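The structure under discussion appears below in the form of structure tokens.
Please treat every number below as a calculation from the coordinates, not as lab data. The model shown is predicted, which means the values in this text are computed figures rather than measured ones. Every residue, glycine among them, receives a Cβ derived from its backbone with ideal geometry; neighbour counts consider all protein chains shown.
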Amino acid sequence: MADAPARQAAAATADHQEPEVLEAPERGSVEELLDAGAHDPLDAMRHSTAHVMAEAVLDLFPAAKLGIGPAIDGGFYYDFELPRALTPDDLEAIEERMRASVAADHAFVRREVDFDDARSVEEGRGQAFKVEILDDLAARAKAAGEPLPEVSFYEHGPFSDLCRGPHVPSTGMIGPFKLLSVAGAYWRGDEKRPMLQRIYGTVWSSQDELDQFLWRRAEAKKRDHRRLGVQLDLFSFHDVAPGSAFWHPKGQRLWRTLEGAMREEQERRGYVEVSTPILVHKKLWEQSGHWGLYDDNMFRVEVEGQTFSLKPMNCPESTFIYRSKVRSYRDLPIRYAEYGRLHRNERSGTLSGLTRVRHFIQDDAHIYVRPDQVQAEISELLDFVRVVYGWFGLTPRFVFATKPDKAIGDPALWERAEAQIKEALDASGSPYRVKPRDGTFYAPKIDIYIDDALGREWQMATIQADLTMLPDRFDLEFIDEHGLPQRPVAIHRAIYGSLERFIGILIEHFAGALPLWVAPLQAVVIPISDRHLEAGRELAGILAAKGIRVEVDDSDNRMQNKIRLAQEQKVPVMLVLGDREVEARSATVRRRGAARDAAQETVAWDDLAEQLAAEVAARRVE
């Protein structure tokens, strides 16, 4: 039965839609609470497994209060209010009861229930969270002047749960599963509501898929950038500034290397760099339209009775530089690049190392072009993205996100912008997919995705063609060849995106073993004894003169310990100096990751400096 679950689930998901056309429900809303997360056949099986898990938990803890149990990427969870904290032994006991339910092959049966009867059932069971969901449904119906809706329960064996579905036909259709962990989760994501225990699990169509998932999960823990960031002395986090990284010297070297490479490439492509204020009056955000949609995510500052905010994005401020003088059609395109310090008021529970922060720096650019230049500029940006991601051996994928339901501006301008983006994508020859209604409120966009070494998908850069928000709201103009004022198009783009997040992803992708060109410490000189120290420092000076980031290990450790420590620090190149090497002004080269019995080369100092400098300049991935 191992190969059957996904096929059977497909038959049970009659109202299946492609995931990209579904919008995520608002956090804590009744839509989110009722969303099973089952948007494809495997998700239906995952949601069904969450129900089987809830059955097992109630069997062990009859007084348990049920929250919600959706399918999620890679698995499922269910939230519970329980009389005590769960232990690893509890998870084993829950799994055992789940296996018994799967073996019993109970059918999943949908039952439509009158609203009042459903509420009475849940109230009688003492399921306060389910009653709250139903009360929210009733309040929404009343506000809309609609009758109370019918609701549905799904039953399997002795278990019944308020649920929209869908599910697989029976518990026997559930594939191999594993409970993974327990975490705290506030009810409805609200820190003022009860803290529940969230049990995470995963389920797959075959044992091989489960084994692969568990391997990837274990490998992801080894690669966790939060652990490696401490091990490699790159950054740290402290409770005096939640969601903000403290960059150590090595981390700052890494940062500056990435920033320097981008600056070099931008200059080659005709960008000029600008800088705009961090603290901005709210009237700017009201004019741009961000205040009404985004103000909850802004850090506000009251100054002399006026409201300012720390900027969450750079785009509106660049318009003041553009408008500082009259622009001719001959001046365009104008490409403003900015490494802006941004602040977003993310919930504390969502913060996660470098990949979800409150303070970050983004490699933003705002490009002002004539309407006839849009396609060419986007084509240039697609090439820019491919070049930059190629520095890390990554292959970008493009996703075209079109006009959302809450878009602002002239529909005709949206159509024109979307047509120009599509033309540029088609002309690029790169495959892409369309994500309907997922553009920003002011522009269609191209999102860039990559897969990391573990096959995990990450959304990275973005390119947006804005014909409305900046040009119209900030009255931007250029003078055309006939002397008449015209609106430019503003192209918003980030290529790294948040540098914090980009670095976190790089660390996990490379498991901390960053490519030579970007590694904060590229080489370490290892003198075998104290009498080789002076020569080691001389070699380090020769390498440093060629731009190599190098240190000399002058500790009292034995040579093998020095090599081990350099390997733990993921240093790409180790240069060993003994009597023979010093006499010949050479070094024995050990490369990171080379087998212990691999042949080692001995290279003259000057040749070594030239060789490493050439490798760094080439920005190759080993």
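Worth a mention:
- Three-way shape call for segment 562-622 based on the alpha-carbon gyration tensor, with the a/c threshold at 1.5: oblate
- Out-of-range pairs (alpha-carbon distance over 22 Å; input K250/K562; K325/K406; K221/K562): K325/K406; K221/K562
- Anchor K65: lysines whose Cα lies under 19 Å away (excluding residues fewer than 8 positions away in-chain): K130, K192
- Exposure rule at most 10 other beta-carbon atoms within 10 Å, DSSP loop trypsin sites (Lys or Arg not before Pro): the chain longest free segment: 407-595
- Taking the number of Cβ atoms within 10 Å of each Cβ as an exposure proxy, the fewest-first ranking of T319, T257, T87 is T87, T257, T319.
- Near H366: Cβ cut-off under 13 Å, other residues only, Lys/Arg at +1 and Asp/Glu at -1. The net charge is -4.
- Overall shape: oblate for the chain, with the ratio a/c of the largest to smallest alpha carbon gyration tensor axis at 1.5 or above and b/c at least equal to a/b.
- In summary, the aspartates and glutamates within cross-link reach of K311, defined as a Cα separation below 15 angstrom excluding same-chain residues under 8 places away, comprise E286, D295, D296, E302, E338, E346, D363, D364.
- Shape class of segment 523-618 from the Cα gyration tensor (axes a ≥ b ≥ c, square roots of the eigenvalues): rounded, since a/c falls below 1.5.
- Charged neighbours of P515, selected by a Cβ distance under 12 Å, balance to +2 (K, R count +1; D, E count -1).
- For I199, net neighbour charge (Lys/Arg +1, Asp/Glu -1) across residues whose Cβ lies under 10 Å away: -1
- Spread over its residues, the convex hull of the C-alpha atoms of segment 360-412 is 149 Å³ per residue.
- Residue order for T49, T307, fewest other beta carbons within 10 angstrom first, comes to T307, T49.
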